[in-house]
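The values are calculated or read from the model by the stated rules, or taken from the named source; none is laboratory data. Since we're looking at a predicted model, the values are computed, not measured. Cβ atoms come from the backbone with ideal geometry, glycine included; neighbour counts cover every protein chain shown.
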Amino acid sequence: MKLATIRTADGSTAAVRLDGDRAVETGAPDVGALLRRPDWRTYAAAADGPTHEVAALDLAPVVTTPAKIFCVGLNYRTHILEMGRELPSHPSLFAKFANCLLGARDDIVHPGETEQLDWEAELGFVVGAPLRRATKEQAAASIAGYTVANDISMRDWQWRTPEWLQGKAWEASTPAGPWLVTGDEVGDAADLEIRCEVDGQVMQRSRTSDLLFDPADIAAYLSTFTTLEPGDLVLTGTPGGVGAARDPKVFLKPGQVVRTVVEGVGECVNTVVEDKP
């Protein structure tokens, strides 16, 4: 099953189920609210609300107001090595806020305060059931499904201090979508191709089998110190090929198009535009 959050003509949002080229409204205001229903799977499968053409959808972030957004840094072996670091023994974590999120077709605004706007293709997952002090098996069962994200990073801000938050949590900087794909369609996402293109040039290409910590590992680890809740979003890390690791370094400019693809899940296509305060 595929679920998305769309923007509607009246200025609100709606959670929809995708059936081929049609999207059916479920009655929930967004995917996060839908997942807070204990019966969300059967409820969404049976929904029979107004329909829309998928090609004409105005896609909001797959979850619009998650209580928590966790991100894992340094999780692909290739990326860790290109950044000159040792393989970590535990996930390296940082957080984002709900206002960081963009829809899968929204523009990425290039802030005037940064000269080092970088791409980071990521597999994301959304939590579908409360989780606390979980085993890996329990964590895997709590994952509602998978999505595509790009952890657009302001590198000159990220590296101002040893902590990364100020380079990672910019408002309206993180595409997440286009939809959530449940595990029965993609399995445990253990070996999917992940790719980022800039103006059609492949910058990142890897497979999720290169992850040090897979989604269930990450969810179980997070649940040790906080309760994960339905609608929480987790980004699992980026593979090698980021602009900051190239020689010479390469960063995004206004007018460029960033395409982020995860096999079997979907793609985000976002144009970089100049900031106009």
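If I filter the range 102-116 for residues that are within 30 Å of Ala33 (Cβ to Cβ) and basic (Lys, Arg), do I get at least one hit?
yes
Any residue at all in the range 100-107 that's assigned to a helix (DSSP H, G or I), out of contact with any Cys (no Cβ under 7 Å at 6 or more places or on another chain) and surrounded by 20 or more Cβ atoms within 10 Å (Cβ to Cβ)?
yes
Cβ-Cβ below 9 Å, separation at least six or inter-chain, first residue in the range 259-272 and over 14 Å from Thr208 (Cα atoms) and not assigned by TED's automatic domain parsing to the domain that holds Ala4, second at pLDDT below 95 and assigned to a strand (DSSP E or B): which pairs?
none
Could you grab me the full set of residues in the range 4-32 that are of a type outside the set (S, T, N, Q) and farther than 19 Å from Val126 by Cα?
Across the range 4-32, the qualifying residues are Arg7, Ala9, Asp10, Gly11, Asp19, Gly20, Asp21, Arg22, Ala23, Val24, Glu25, Gly27.
Which one is surrounded by the most Cβ atoms within 10 Å (Cβ to Cβ), of the residues in the range 261-275 that are assigned to a strand (DSSP E or B) and in contact with a His (Cβ under 8 Å, 6 or more places away or on another chain)?
That would be Val272.
Taking the range 97-145, which residues are in contact with a helix residue (DSSP H, G or I) (Cβ under 8 Å, 6 or more places away or on another chain), closer than 19 Å to Pro61 by Cα and among the small types (Gly, Ala, Ser)?
Gly128, Ala144, Gly145
Restricting to the range 110-142, name every residue that is in contact with a Pro (Cβ under 9 Å, 6 or more places away or on another chain), of a type in the set (A, V, I, L, M) and either buried (at least 20 other Cβ atoms within 10 Å of the Cβ) or not in a loop (DSSP other than H, G, I, E, B) (or both).
Result: Leu117, Ala121, Leu123, Val126, Val127, Ala139, Ala140.
Take the range 129-168 and flag every residue that is under 22 Å from Ala220 (Cα atoms), of a type in the set (A, V, I, L, M) and touching a residue at least 24 places away in the same chain (Cβ under 8 Å).
Ala129, Leu131, Ala134, Ala139, Ala140, Ile143, Ala144, Val148, Ala149
So Gly255 ticks every box in (1) touching an Asp or Glu at 6+ places or on another chain (Cβ under 9 Å); (2) assigned to a helix (DSSP H, G or I); (3) loosely packed, with under 15 Cβ neighbours inside 10 Å but one. Which box is left unticked?
(2)
Look through the range 1-17, keep the residues that are surrounded by 20 or more Cβ atoms within 10 Å (Cβ to Cβ) and among the hydrophobic types (A, V, I, L, M, F, W, C), and return whichever of them is nearest to Gly187 (Cα to Cα).
Ranking the candidates gives Leu3 first.
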